[in-house]
Structure formats: structure tokens, C-alpha cells
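Here is the structure we will look at, set down as C-alpha cells.
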Amino acid sequence: MSHSAQDTVPAIQTIDVRRVYQARGGRSIGGAQAGKGVTALDGVSLTVQRGEIFGLLGRNGAGKTTLIKILTTLLAPSGGQAYIDGMDVTRDVIKVRQIIAMVSGGEQSGYGILTVREQLWMFAQFYGVPSKVAHARIDELLSAVGLGDQANQKVYALSTGMRQRMNLCRALVSDPEILFLDEPTVGLDVEASRAVREYVRKWMGENPRRTVLLTTHYMFEADELCDHVAVINHGQIVAEGTTDDLKRGLQEHARFQLEMAEWLPAFTEMLRERDGVVDAQTEQRNDRTQLRLALLREEFIVPTIASINEAGGRVLALRRIEPTLEEAFVRLVGDEAESQREGEEAQR
Amino acid sequence: MIEATTAPGNLRARIAGTRAWQTLRAATWLEWQSRGNWTNPLLYCLYLIVRPMTASLVLVLMYWVVSGAHAHGGIFGFLICGAAAWTFVEQIVAGIPQAVLADREEYAMLKYVYITPSRFLIFLIGRALPRMLIAFFAFAITLGFGITLLGVPVDLRAVNYPLLLAALVFGFIAITALGIMLAGLALVLKRGAYQMPQAVTGALYLVSGAIFPIVVLPGWLQTIALGVPLTYWLELVRRALLGSHIGEQFPIADTGAVFGWFALTTVAFAAVAYVVFRICDYQARERGQIDRTTGY
């Protein structure tokens, strides 16, 4: 397949992917006995285009890791189809493995008896990278993630953060096209997490064909890194889009915060009666008044400010209030989780 | 990476061949490091010498107690040669499944190895090779110890070296096939994965004639013994070292026939082992057991 033809194929595509883990004693294959098992994925359909950092957000047990396992050929789906660069993950296993790599967080993985360089070299061999190329790449990667001085250090002697950075290098030593990061910064301190994020962003910037699928608990991480995100809950995708889409999707109205001088209480009533204004609330802060406006649509802000000026009010500052990705996530997943918990308590 | 998926057939085959060789080499090197990198080289050499010597001394002492200190009886050479050769089984049959379990549960690396484009089977064969070398060293040490200090009747000038070499090469195939099959089973077992290889080698120790002739076994166990390639393998190693007269204690007298049966059972056994391994590999992926941590 030529590159131009490949470019039209999504980097990752799943169609109605299901995965049922059978209960102990039950048969584990296929979805025929779906009722007897635990459904980890329930019809997940996703498309990730080349060049994207795609975030998959969800609570523990939502199905994020199960999806990554299927996409990386570690686990067979119970139903549906999953493709990597147009190749079926169940049929074209070796071809898929040639272009992917994975890093999981929250684990102490690594052959402790080997040095960092030895471990990376060994994985380069498994991918068929010539030794000379591998060593040059190892030097470059270790230097880029700040582990240049640890190249000849035994893996067991590395800190958690260093080990995770080494694991990132292990995944990148084969120069994969598609990288799966399964909560890569779990358990890392602020500095190590930042180093991982910065390197992922840099790595993506080097080649437009590269793609990352990232799962994370940290909303700021997704907000900072991801072009698109999907929220998964109970094995189903409950929302998908850009991070801005998700945040705005929650907002029924456009919300603004204004710092006002020379404010009269009558202004508030006047605003509430204006077309397009859903709500207006004020709060006194020292010599200023903070006005919070909810408008039907964003474009109503200009005539609203004009009417305030005409009435004699003075706008000192204006800020659009956007929900954070975390608020969006809680609204999508948390409320449902809360009601589920309340339901369980009521049953007891 | 792109080239590997889009290259024409012959080039793709060459890339796959190169990768298979690299995988074999890297897996061999990994196992060698795992075996020897835990201490300094001098101490490791000492360990390699002392371990087989003490293991055979235990058997010798037992033999002396039972036989009334007739260390040079006809069965003595049989026992030492069997014990020496059995180190191959211990190292490889029990060792490969343990390496796989350690990769999965101790190092948490099995999943990363598994999702590389290298063939898992080649990775396992690579893990077996250093163990074979270590076992060969132990085999030689035990025999040397037995010949020089215990008077085992091996005349080095009369040893049938071609037969010994052929037996060791075919034996490696049979033993590695068994180890790979058990590695597959270890992947899918929920409990007892660590104990299973020891249990299997223990059972084989009984029925393969490792330290006593299989003619002393009950009839039904003899039938089982004759279906196991290790029985013929041990017999061939003994005949190569001690001479064909040792075959008087074996149901099949002719060495050529023993070799024929050995080759036949090895091929059959390797085929069964391959099928079992593939089924286990498939099942492990179906059940999500490649990266499982049992904690047992």
C-alpha cells in the first residue's frame, strides 16, 4: 500500500468491539455466553486518525485497558472488529505488531538484571532493528528523556520515574507508527510526569504519521496532550470529540464573568429582562462588583455589554467561563456513578 | 517499520528471517544473563561445578547405603550416567516454563515481548539454549567426577562419540519440545503453574529410567515409559558411554532399533508439543492471560 493510500486509512479503528470476561468455571471464548461473564467492552466504535494524540478517559474498570490490550494483540475481542492501519488485529497479528508499541504505567516492569542499554538493545532486536541503528537510537532516546547518564545502570537500581522513562524509550526504540500509552504517568512525581508528557509531544511533532492512543485518569494530562478524546464508561463510549467539544457540550448556556465598576442594583434587573440573557447574578468584591451572566448564545455578549455601558456601568474585565475537562468528565461519568452508588446503598 | 509491512513477499521473508535470528540471539543472551548475572563469574563457575557434584553425591550415598557400599556394581555406572544426563531435563523442561512465569509475574515483561513481531516460539527456543549449555557443563562435571573419584566404568577411549552426539542433539529437540509445551500450559494454568513443571519432571524421572532400569517398573508403567522419548534418549547416552552391554537391562537390545524408536517418539512428541503450545498460546490470548499476575 502506498503512503498516500495509507493516509486515508485511520490509524486505529474499532467497530462494535465487545469483550466479555467469563466468570470462573465458565468458558471464556466468544460472546455466546455473554450473560454469564463480566462485560468489559460493550460495542466500542472509535476512529483515530493519523497524527492524532487521542485520549481515552474513564474510571477504573471502565474498559480502557481492555481496549488497549485488544488493539495491541494481547487479548482477543469477543466480538466486533478492530483495525490498526487497516489491518485486522486478530488476523494480521504480526503485521500489526510491526508498527505498534505500548507503555503501561503503575508497574515495575523491566529485567532488573540488565542495564538500561542492554534492555533497550534487546527489544530493538525483537523488532529486527540492526544493532548499529539500535545503539544510535538508544543514545538519542536516553539523552532526550534525561537518562543519558543511566545507560549502563542496572534496571533494578532505577527509581520509578526513571524506569518509566526507560519504558518509554523501550517502546520507541522500534520507531513505531502507533504508540499506546496506558496511564503512563500513574505513580510518577510531577517532574517525571512532565518529562514523559513533554517527550511524547516532541516525539509526535517529529513525524506527522505518528499516532498516540493515551488512556489516563488525569484530566489535565488529556487536556494538555490530546487532540481528541473519548469518554468510556461501563465499556461504552459515552462522549467523543475535541476537549473543547466535551467542555462546551456540557454548557447549556454561554457563561461570562465580568468585573464591574459603578454598578447599581437596578442594572441587574435590567439585564435579566434583556433578550438573550438567561440569568444575571452579582457579588460585591471590595469596591468592585462581579457579574456572572448566562446567555442563550455567545454572540449576545456584545449587545449586553453595550447596554451596560449605555446605562452607565463600566466593564473592567470580561472572561468566558468554561468548564474544565474534569467537570465535563464528572458530569458524564461521575453523576451516573453517584446515582449507582446511591442505588446500591438503597438496596442494602 | 513501514517497509516491513509493505515490502514484496521475498523481501518480507528476508526481513522476517533476520528478525527471527535476532530474536533467537537476544533471547539466548537474555537467558544467559538471567542465569549468570546474579553473581560474579568466579562464584558462578564454582556453583556450576559444585551443584551437579553434590546432586550426584546424594544419589551415590543412597546407592551405597542400599547396596552395602558396593560402589562399583553394574548398576552404579547406569545411575551416574542417568543422573548426569538428567540435568538437561531439569534445566530445560522445568526451566523454560519458569522463565515464562518469571517474565510475566516477576519482571512484568512478557506482554511487551509478546506484542513484538518476533515469534514467541523462537523466543522460547532462545531461552532454552543457554540452559542446554549449562546442562552440558553439569553433565560433563558429573561424569568427570564419577569417572575420576567414584570409579564409574567409562573408558573415554571406548566412548561411542558419534552416538553420544546424535543422542544429545535429538535429546535437545525432545527436551526443548517438552519444555515449550509446559511453558504453554503454564500460561493458561490458574493455579499450580509453578509446581506443574516440577511435577512433570518428577513423573518423567520415575518412568524414563533415569536412575534405575525400566524393567523393574510394573508392566503398565513400562508401557508408558516406552512411549516417552526420554527413555530411549537416556538408554542411548548410557550405551554411548558405557558400551552396548548396558542394553541388557533394556527391553530393546539393538542400538539401531533404540535410535529408531527415539527418533520416532521425538518427532511425534515434538508435533504434539507444538500443537499443545499453539492451543495454549491461543487460549491465553483469548482469556487475557498473557499479562495476568496470579500472585501464586
| field | Whichever residue in region A:63-83 is over 18 Å from the mean Cα position of the chain (by Cα) and either among the acidic types (Asp, Glu) or under 17 Å from B:LEU110 (Cα atoms) (or both) and, among such residues, is surrounded by the most Cβ atoms within 10 Å (Cβ to Cβ) | value | A:LEU75
| request: Please go through region A:57-88 and pick out each residue that is of a type outside the set (A, V, I, L, M, F, W, C), touching a strand residue (DSSP E or B) at 6+ places or on another chain (Cβ under 9 Å) and part of a loop (DSSP other than H, G, I, E, B). | output: A:GLY58, A:ARG59, A:GLY61, A:GLY63, A:THR72, A:THR73, A:PRO77, A:SER78, A:ASP85, A:GLY86
| task | Kindly establish whether B:VAL100 is more than 14 Å from chain A (Cβ to nearest Cβ) and either at pLDDT 80 or above or surrounded by fewer than 16 Cβ atoms within 10 Å (Cβ to Cβ) (or both). | result | no
| said: Among the residues that make up region A:315-335, is at least one of them under 30 Å from A:GLU224 (Cβ atoms), out of contact with any His (no Cβ under 8 Å at 6 or more places or on another chain), loosely packed, with under 11 Cβ neighbours inside 10 Å and modelled with pLDDT under 80? | reply: yes
| If you check B:GLN289, B:GLN222, which single one turns out to be farther than 30 Å from A:ALA40 by Cα and either modelled with pLDDT of 95 or more or not β-branched (Val, Ile, Thr) (or both)? | B:GLN222
| field | Near pairs, Cβ below 9 angstrom, 6+ apart or cross-chain, from region B:18-47 (within 16 Å of B:MET132 (Cβ to Cβ) and within 13 Å of another protein chain (Cβ to nearest Cβ)) to any residue that is among the aromatic types (Phe, Trp, Tyr) and surrounded by fewer than 18 Cβ atoms within 10 Å (Cβ to Cβ) | value | B:ARG35/B:TYR44; B:GLY36/B:TYR44
| said: Between B:LEU241, B:LEU217, B:LEU234, B:LEU206, which is in contact with a Cys (Cβ under 7 Å, 6 or more places away or on another chain) and hydrophobic (A, V, I, L, M, F, W, C)? | reply: B:LEU241
| Hey, does region B:286-294 have a residue that's at positive phi and loosely packed, with under 13 Cβ neighbours inside 10 Å? | no
| query | Out of all the residues in region A:279-292, which are exposed (fewer than 15 other Cβ atoms within 10 Å of the Cβ) and either touching a Leu at 6+ places or on another chain (Cβ under 9 Å) or of a type in the set (Phe, Trp, Tyr) (or both)? | reply | A:ASP279, A:GLN281, A:GLU283, A:ARG292
| field | Subset of region B:134-158 [under 23 Å from the mean Cα position of the chain (by Cα) and surrounded by 15 or more Cβ atoms within 10 Å (Cβ to Cβ)] | value | B:ILE134, B:ALA135, B:PHE136, B:PHE137, B:ALA138, B:PHE139, B:ILE141, B:THR142, B:LEU143, B:GLY144, B:PHE145, B:GLY146
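The values are calculated or read from the model by the stated rules, or taken from the named source; none is laboratory data. On a predicted model such as this, the values are computed, not experimentally measured, just so you know. Positions of Cβ are backbone-derived with ideal geometry, glycine not excepted, and every protein chain shown enters the neighbour counts.
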